[in-house]
Amino acid sequence: MGQTTFSGPVKSLAGFITGTDTVITAVTASTLAVTSDYNGLTIPVSRAAGTAITLPASSGSQATYSFLISTSVTSNSTTVKVVNSTDVMNGIANVGGTTGTAFSTLASSDTITLNGSTTGGLAGSIITVTDVATGFWRVNANLVGSGTPATPFSATV
């Protein structure tokens, strides 16, 4: 949005909007501890060697975080995991490869792993998580992969 400079009195019948342009820099670090500052934003993840993303403890706040893989994972893996042994993930991941396959979480799922091929992690993959209740994260992921798709969900925390 452009800026306008006024000289003299200004009258607004509907108020002024300020501070709504939030620009987020792509994550290039090996780790990211998600905080409420990221709520409602799409976070570009741009590290070919993978990034370990840790969510805050769930509380039912309805906070939503989206992670867009903007640089394909080519070594190691990118993970999104809960911060404690109490929280779990509920939801689905669609993984595209030689065929498209939908994978559901299990009762103990707490980690999403993108390996850059069968479990997704190529550029364009996106994961959205929402803090729906104490102990529960809702997951919706559309992952770009290659080869025969495999589930990105596991219980590792």
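Taken together, the values in this text are just the output of simple stated rules run on the coordinates, not laboratory data. Not measured: the values here are computed from a predicted model.
Some points to look at:
- Contour minus Cα-Cα distance for Ala52 and Ser7 (0.36 nm per residue): 11.2 nm
- Highest-fluctuation residue, Leu55, Leu143, Leu13 considered, GNM on the chain with Cα pairs under 10 Å: Leu13
- Pairwise Cα inverse-distance average, inverted: Kirkwood Rh of segment 31-154 (Å): 13.9 Å
- Computed lengthening from Asp37 to Ser59, 0.36 nm per intervening residue step minus Cα-Cα distance: 6.3 nm
- Long-range HN-HN contacts of Ala155 with modeled amide H, under 5 Å: Asp110
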